[in-house]
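Have a look at the structure below before the remarks.
The values are calculated or read from the model by the stated rules, or taken from the named source; none is laboratory data. Since the model is a prediction, treat every value here as computed from it, not as a measurement. Don't worry about glycine lacking a Cβ; one is built from the backbone with ideal geometry, like all the others, and counts go over all protein chains shown. Surface accessibility is based on the protein's heavy atoms, side chains included, excluding ligands, DNA and RNA. Shrake-Rupley method; radii C 1.70, N 1.55, O 1.52, S 1.80 Å.
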Amino acid sequence: MISLGIIGTGAIATHYMQAIDWLNKNRKYRIQVCAAVNRTQESNRRASYELGIPRTYTDAGEMVERERLDGIIVSVPSTSIYSVTTSMIPYKIPLLIEKPPGVTFKQTNDMAELVGKYNTSIMVGFNRRFYSVVRQAQRVIAEAGGLLGMRMDVFERYRMLRENQYPSEKLELLFEGNSIHCIDLIRYYCGDPLMVSAFLNKESVEPFNHRYSALIVSNSNIPITFQAYWHALGNWNYELYIPDGRITFSNLEQACVQFRKKEPYSLIPEEVDTEVKPGFVEQLSYFINEVIGNRRYSKYEGKMSIYDAVYTIKLVESLQNKGE
């Protein structure tokens, strides 16, 4: 039996619980979320009655002291991930944390140094890497002979969110807390950037603020164009350019493959990504097998580890021209 604790049982936690149920039913895993932590008793009552979590706490340290946990999921709001995670690192229990690990490169790098001090394993939840259509796209790229280039559009619904009373502190962290999913996919497909030439948004008066444009060249010699104009009409989408063809993604979850002189076809999501939030099952399975499963030998330093996430946060800041 894999015993997990979860800190924060909002909307994202529901998706984790559904992924656990799917793994238990379809792949014969034995996983139980035996305890949850929330700031309020009201949230803890919801965790008990709606999510079926048997024991609840208002203090994460108390949960760790009382429970025998194989791993902990941190699914608190983006503004709290850093403080909650750093408080958990000294307990040396493997952590699967939501993104971003820190809202700045310094915070994320400090977290990585703390992980090194305590020899704790952290995996950051960039679940888009685990989409079944993303894996299929990687196979198409390999069969076609490699990736020639990439275009990434990362428009955020800034005005709509503001009109719907989205919390102001989250609104100003959309790039770090939300757009980061798309930015991480740039690294996933193309490798780490060697050069980033980003547009410096000198005009701060709306609607001429929140404009981002950049040319990136990766260490795999792949050019990437990036754009995001939050006061225009747009969406998350990207294109992967391959010899005599391209793969076009819309909303990151749907993709169409086109080759010269051939009929276009769609990449079809696997059943797991239609029954549960896409990517969550495979991400959780990876955490259990590769992070928890290897904790006896060494701390986790592979893909989506805190060490890997440092480079995604660095790219996030480069695209905003921070430090210039």
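Where does each of Ile2, Ile268, Ile97 land when they are ordered by accessible area, with a 1.4 Å probe and the largest first?
Heavy-atom accessible area, descending, gives Ile268, Ile2, Ile97.
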Item checked: the stretch 24-59: trypsin sites (Lys or Arg not before Pro) in DSSP loop, at most 16 other beta carbons within 10 Å -> Arg27, Lys28, Arg30, Arg39
Check: Per residue, what accessible area does the stretch 91-199 have, given a 1.4 Å probe and all protein chains present, in Å²?
Finding: 40 Å²
Item checked: Accessible surface of His181 - all protein chains present, 1.4 Å probe, nearest 10 Å² -> 10 Å²
Notebook entry, point to check: Where in the stretch 122-204 are there trypsin sites (Lys or Arg not before Pro) that are in a DSSP coil and have at most 10 other Cβ atoms within 10 angstrom of their Cβ?
Noted result: Lys202
Next item on the list: May I ask you to derive the FRET efficiency for Glu62 and Lys262 from their Cβ-Cβ distance with R0 = 51 Å, giving the value to the nearest 0.05?
Entry: 0.25
Next item on the list: Would you please report the Å³ per residue occupied by the convex hull of the alpha carbon atoms in the stretch 1-141?
Entry: 129 Å³
Check: Arg139 to Lys106: extension gain in nm, 0.36 nm per residue of separation minus the Cα-Cα distance?
Finding: 8.3 nm
Checklist line | Fraction of beta bridges assigned by DSSP in the chain that are antiparallel (%, nearest 5) | finding: 60 percent
Notebook entry, point to check: Where in the chain are the DSSP H helices whose C-alpha atoms run 30 Å or more along the long axis and whose mean Kyte hydropathy is at least 1.6?
Noted result: none
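By how many nm would the segment from Arg162 to Thr40 grow when fully extended, if each residue of separation counts as 0.36 nm and the alpha-carbon distance is taken off?
Residue separation times 0.36 nm, minus the Cα-Cα distance, leaves 41.3 nm.
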Next item on the list: Calculate, in nm to one decimal, what Leu194 and Glu50 gain on full extension: separation in residues at 0.36 nm each, minus their alpha carbon distance.
Entry: 47.1 nm
Note to self: At 1.4 Å probe size, with the rest of the protein present, what percent of the exposed accessible area of the chain is carbon and sulfur atoms?
What the structure shows: 47 percent
Next item on the list: Can you tell me the dipole magnitude for the chain around its Cα centre, using point charges on the Cβ only (Lys, Arg +1; Asp, Glu -1), in Debye to the nearest 20?
Entry: 500 debye
Notebook entry, point to check: What does the accessible area per residue of the stretch 226-303 come to in Å², with a 1.4 Å probe and no ligands, DNA or RNA counted?
Noted result: 54 Å²
Notebook entry, point to check: Ignoring ligands, DNA and RNA, how do Glu301, Glu176, Glu317 rank by accessible area with a 1.4 Å probe, largest first?
Noted result: Glu301, Glu317, Glu176
Checklist line | the stretch 52-102-the stretch 194-210 distance, computed between alpha-carbon centres (Å) | finding: 36 Å
Notebook entry, point to check: When the solvent-accessible surface of protein heavy atoms is calculated with a 1.4 angstrom probe, in what order do Glu67, Glu263 fall, highest first?
Noted result: Glu263, Glu67
Item checked: Computed FRET value (nearest 0.05) for Val205 with Ala232, which takes r as the C-beta separation and R₀ as 22 Å -> 0.90
